[in-house]
Amino acid sequence: MSTTRILVTGGAGFIGSHLCETLLNQGNEVISLDNYFSGRKANIAHLRDNPRFEAIRHDVTNPILLEVDQIYNFACPASPGFYQHNPVKTIKTSILGALNMLGLAKRVNARILQASTSEVYGDPKVHPQKESYWGHVNCIGVRSCYDEGKRVAETLMYDYRKQNNVDTKIIRIFNTYGDKMLPNDGRVVSNFIVQALHGNDITVYGDGSQTRSFCFVDDLVAGIIKMMNKNDFPGPVNLGNPNEFTILELAEKVIELTNSNSKIIYKTLPQDDPMQRQPDISLAKEKLNWEPEIELEEGLKRTIKYFKQELNS
Ligand code: NAD
Ligand code: UDP
């Protein structure tokens, strides 16, 4: 059988770099495409000597022609701090990026998988969230550039599928964490761990009663690859860990596991911060035979180990 040639956009990012590594380990040829806005070359440096790996500096808002069999479209800043830095660029990345990658998929007859998000559900009024829920999204708030960009990208996947017969797939990723996150990423797990390891105050936004359900990156990557290789199932499908925690519970857990003297302080809750989030993963279980195996405490221990090394290097 010939090797599968795979393009991973956002390949130097947190999830993308794990995906590149796993796909290489499975014997594929992998091209990482990234503009290094919220990722870094260090995430893929250990893959450089593999003759089946190639890294290209490119911005997905511009077209590119490559001969590939599969495209994982992951290019897009995912942390609120990064995606709100230049909202117009964020929405261009989602929409023009999806258009360019769909154009490429159509031209070379590749299968394309879009990294969508639980943010398409906005601040959800249905709990837990099922794929059939249409969401509760503000179209003019601080999170809109990300949320609406991702929603349009989903629409484009379906329209290219209907109109041009492109083999499209959509996953909706819920809060994922793990090694290779940047220390200054700004998302809650990395923030709390870095603060705890430095002995700084742990910054809980609001009263900490809002909830998230945290998935360890290795579990997520297994689900992503299963979805790409599943025939006759375009999705969207939720991928995440259904165990739900308040942000205050997360802060306390991180303090306990790092043995830190850090104190919890409370800061203003950002605008449109969703109050609850928990995936219903029955569809992923049924269609992909997938569910997460690594629970929060184990995942946090692994992530803490990574950040200890990262902060000492
Ligand atoms: P990340 O910021 O670490 O990775 C994104 C990567 O895309 C970075 O390497 C960045 O440099 C690159 N990028 C950004 N804009 C680009 C552009 N215009 N052209 C080329 N490259 C560009 O974030 P992540 O957590 O790894 O997320 C990866 C994908 O998964 C994103 O599409 C994100 O929306 C989606 N997602 C992630 C989560 C999560 O919890 N981590 C949740 C939902 C969805
Ligand atoms: N959060 C927090 N302190 C931080 C960073 C985030 O309390 O230092 C909260 C944030 O307000 C949100 C939750 O943690 O309620 C998850 O935030 P994150 O940015 O990780 O992801 P998202 O809001 O996109 O799910």
Trypsin sites (Lys or Arg not before Pro) lying in DSSP loop within the stretch 1-70, provided at most 12 other Cβ fall within 10 Å: ARG48
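Using only helices, what value at 222 nm comes out for the chain when you add -39,500 (n - 2.57) per DSSP H run of length 4 or more and divide by the total residues, to the nearest 500 deg cm²/dmol? Mind showing how you got there, number by number?
Numbers: 9 runs with 118 residues, N = 313.
Value at 222 nm, helices only, nearest 500: -12000 deg cm²/dmol.
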Cβ-based net charge around ILE6, under 13 Å, with every Lys or Arg adding one and every Asp or Glu removing one: -2
Other-chain or far-sequence residues with amide H under 5 Å of TYR205's (modelled H): LYS267
The chain: angle of helix 87-108 to the longest principal axis, Cα-based, in degrees nearest 10: 30
Those aspartates and glutamates that a straight Cα-Cα span of less than 18 Å connects to LYS287, excepting residues fewer than 8 apart in one chain: GLU131, ASP167, ASP219, ASP232
Lysines whose Cα lies under 28 Å from that of LYS301, excluding same-chain neighbours fewer than 8 positions away: LYS41, LYS180, LYS226, LYS253, LYS263, LYS267, LYS285
Electrostatic dipole magnitude of the chain [Cβ: Lys, Arg +1; Asp, Glu -1; Cα centre; debye, to 20]: 700
FRET E, pair GLN309, TYR266, Förster distance 25 Å, beta-carbon r, rounded to 0.05: 0.25
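Which sequence of HIS127, HIS198, HIS58, HIS85 reflects their accessible areas, 1.4 Å probe, from the largest down? Each step should come with its number before you reach the end.
On the way: HIS127 70, HIS198 110, HIS58 35, HIS85 135 Å².
In descending accessible area the options line up as HIS85, HIS198, HIS127, HIS58.
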Stokes-Einstein diffusion coefficient of the chain, Kirkwood radius over Cα pairs, 25 °C, 0.890 mPa s, in µm²/s: 125
For the stretch 238-248, 3J(HN,Hα) per residue [Karplus equation, 6.51 cos²θ - 1.76 cosθ + 1.60, θ = phi - 60°, Hz, x = Gly/Pro]: 6, 10, x, 9, x, 6, 9, 10, 7, 5, 5
The stretch 87-114 and the stretch 139-154: distance between their alpha carbon centers, rounded to Å: 15
Distance between the stretch 42-74 and the stretch 249-313 - C-alpha centres, whole angstrom: 28
Longest segment of the chain lacking GluC sites (Glu not before Pro) that sit in a DSSP loop with at most 14 other Cβ atoms within 10 Å: 68-292
Inter-probe distance in nm under a simple model that places probes 7 Å from Cα toward Cβ, at ILE140 and THR246: 3.4
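How much accessible area per residue does the chain have, in Å², with a 1.4 Å probe?
On the way: 13910 Å² over 313 residues.
Accessible area per residue, the chain: 44 Å².
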Anisotropy class of the stretch 1-157 from Cα gyration tensor, a/c 1.5 cut: prolate
Residue among PRO80, PRO234, PRO51 with the largest mean-square fluctuation in a Gaussian network model of the chain, springs linking Cα atoms under 10 Å: PRO51
Where trypsin sites (Lys or Arg not before Pro) fall in DSSP loop in the stretch 205-313, at most 15 other Cβ within 10 Å: LYS263
P(r), alpha carbons of the stretch 183-281 - 10 Å bins starting at zero, rounded %: 14, 39, 29, 14, 4, 0
Selection of trypsin sites (Lys or Arg not before Pro), the stretch 100-176, meeting DSSP coil and at most 16 other Cβ within 10 Å: LYS125, LYS130
The stretch 142-190 - Debye-derived log10 I(q)/I(0), Cα point model, q = 0.14 Å⁻¹: -0.55
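Given a 1.4 Å probe and every protein chain left where it sits, what share in percent of the accessible area of the chain is carbon and sulfur? Mind dumping the intermediate values first?
Details: 6580 of 13910 Å².
The C+S portion of the solvent-accessible surface of the chain is 47 percent.
The values are calculated or read from the model by the stated rules, or taken from the named source; none is laboratory data. Because the structure is predicted, anything quoted here is derived from the model rather than measured. Neighbour counts run over all protein chains shown; Cβ positions are idealised from the backbone, glycine included. Calculation scope for accessible area: heavy atoms of the full protein, side chains included, ligands and nucleic acids excluded. Shrake-Rupley method; radii C 1.70, N 1.55, O 1.52, S 1.80 Å.
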